[in-house]
Each structure stands twice: as structure tokens, then as C-alpha cells.
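Here the structure is laid out as C-alpha cells; the discussion comes afterwards.
The values are calculated or read from the model by the stated rules, or taken from the named source; none is laboratory data. Since the model is a prediction, treat every value here as computed from it, not as a measurement. Cβ atoms come from the backbone with ideal geometry, glycine included; neighbour counts cover every protein chain shown.
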Amino acid sequence: MFNLMPKDPGFYENIEQLAQLVAEAVDQLVQLLEQQQLGDGDGARIARERHRAHVLTRELLLRLDQAFITPFDREDIMQLGNDLYGVMECIANASERLCLYPMQKNHPNLRNQCTTLHAIARQVNKVVGMLRNTGGLTSIRTHLDEIGRLEEQSRVERTRFLSELYQGSPDPLDVMKKKELHDLMVEAIRACDRVGRTIERVLLKNG
């Protein structure tokens, strides 16, 4: 059960900071996608946030190694940390590709998928922020359901994207660039969904 024994609050702080970094990085990715021209330095802030997320993840693992009592199961804490860092990795890689790959024009569905990523990252940030003081699964059910809905929406958008991407006689290199960006966004969305599922499991175990 929650709060029956003294437990290191630093675990919550680490996870909350990771979720906040992810949300901020997605904000930056949205802005990058809207810029007409990009240079090598435009993704620098996201690169710094990825480094900070790497440090936080290492701190979380070190805290796990040293802690006698944890707020919930160690494997779930590790899963949350790794999945949040996985989201950051995808976002940082996507921003790097945007800066490196000049494209004829952005496919409209790249923006749609980025909008979905932005929405799901905000939901994850909310749920993670509620974890330490949650009243149980019922109290965050709406947010978890929204995370699941957004992940399903991204699957629909991906099917539409792929069906449109190869229409006509597109430039093969342009197709490869757009598909790689789309793949990274989808991977980030799925990692966000895994965070939601892990939190659901934690609350079911400890409710």
C-alpha cells in the first residue's frame, strides 16, 4: 500500500522531471516542424534536454541500486524511467533528422502525428505528476483512457500517411526522410502509451 512506510521521494522527483523534459522537448519539436528553414544549431536545445534526461535516468538507476524501500516495485520504476527516456530519444532523433534532411515540403500527416505526440506527452506529464498523490486508479482513469485513445489515433494516422506517401511518383529520398521522421514520432507515441500502462499496473498492484 502507498504511504505505509517511509520511502524516498526522490524517485517521484526523478520521474516527474523526466516527464517534464519530454513535454518540453515535444514543444520544441512542434516549433521545429513549423520552421521553413533549419540549420544544425536549431535542435541544440532538444539535444541538451536529451543529455539532461540521460543524467536523470542514470540517477534513477543509482537510486534504485542504493534504496532499501521504494515507493513501488523496482521493475516498474525502471520501466517508467526507461520508457520516458525512450520518448526523449525518439524526439531528439526526430529533431536531428529535421535539421539534417532538407525536404521538398513536410507531409501534412507529419504535422498531424506531431500534434498527437504533443497531446499524448502532455497527458503523460499530467499522470506522472499525479502519481505520488493519486487517490487510486479511478482518479486518473480519464487521463489513461485519453493516452490509449491518442495511441490508437496515431495508428490510424500512420495507415493514412503510408497510403498517401507512395501516391504518384514521389522522390524516393524524400519518401525515406518523411517515413523515418514519422517512424520516430510513432515510436515516441508508443513509448508514451507504455508509460500509461505501467502506471496503470502500479496503481492496480498498490490500490
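Going by the structure shown, is Lys205 over 25 Å from Gly81 (Cβ atoms), in a helix (DSSP H, G or I), of a type in the set (Lys, Arg) and touching a residue at least 12 places away in the same chain (Cβ under 8 Å)?
Details: over 25 Å from Gly81 (Cβ atoms): no; in a helix (DSSP H, G or I): yes; of a type in the set (Lys, Arg): yes; touching a residue at least 12 places away in the same chain (Cβ under 8 Å): yes.
In short, no.
To keep it simple, each residue is scored yes or no on (1) surrounded by fewer than 20 Cβ atoms within 10 Å (Cβ to Cβ); (2) at negative phi; (3) β-branched (Val, Ile, Thr).
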{"position": "Asp145", "(1), (2), (3)": "yes, yes, no"}
{"position": "Gln153", "(1), (2), (3)": "yes, yes, no"}
{"position": "Ser163", "(1), (2), (3)": "yes, yes, no"}
{"position": "Leu173", "(1), (2), (3)": "yes, yes, no"}
{"position": "Glu180", "(1), (2), (3)": "yes, yes, no"}
{"position": "Val186", "(1), (2), (3)": "no, yes, yes"}
{"position": "Arg190", "(1), (2), (3)": "yes, yes, no"}
{"position": "Gly196", "(1), (2), (3)": "no, yes, no"}
{"position": "Val202", "(1), (2), (3)": "no, yes, yes"}
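Residues are listed down the side, and each one gets a yes or a no for (1) of a type in the set (Phe, Trp, Tyr); (2) modelled with pLDDT under 90; (3) in a helix (DSSP H, G or I); (4) more than 21 Å from Val127 (Cβ to Cβ):
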site	(1), (2), (3), (4)
Ala25	no, no, yes, no
Leu33	no, yes, yes, yes
Leu38	no, yes, no, yes
Gly41	no, yes, yes, yes
Ile46	no, yes, yes, yes
Glu49	no, no, yes, no
Ala53	no, no, yes, no
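If you go through segment 106-114 one residue at a time, do you hit one that is part of a loop (DSSP other than H, G, I, E, B), more than 18 Å from the chain's Cα centre (by Cα) and either more than 16 Å from Tyr12 (Cβ to Cβ) or small (Gly, Ala, Ser) (or both)? Yes.
Assigned to a helix (DSSP H, G or I), under 16 Å from Cys192 (Cβ atoms) and either of a type in the set (Lys, Arg) or touching a strand residue (DSSP E or B) at 6+ places or on another chain (Cβ under 6 Å) (or both), is that true of Arg122? The answer is yes for Arg122. Looking only at residues in segment 126-183 that are within 17 Å of the chain's Cα centre (by Cα) and of a type in the set (Val, Ile, Thr), the one that is nearest to Thr70 (Cα to Cα) is Val128. List pairs: first in segment 129-150 and outside any helix (DSSP H, G or I), second among the hydroxyl-bearing types (Ser, Thr, Tyr), Cβ under 8 Å, 6+ apart or cross-chain? Cβ pairs passing all conditions: Arg132/Tyr12.
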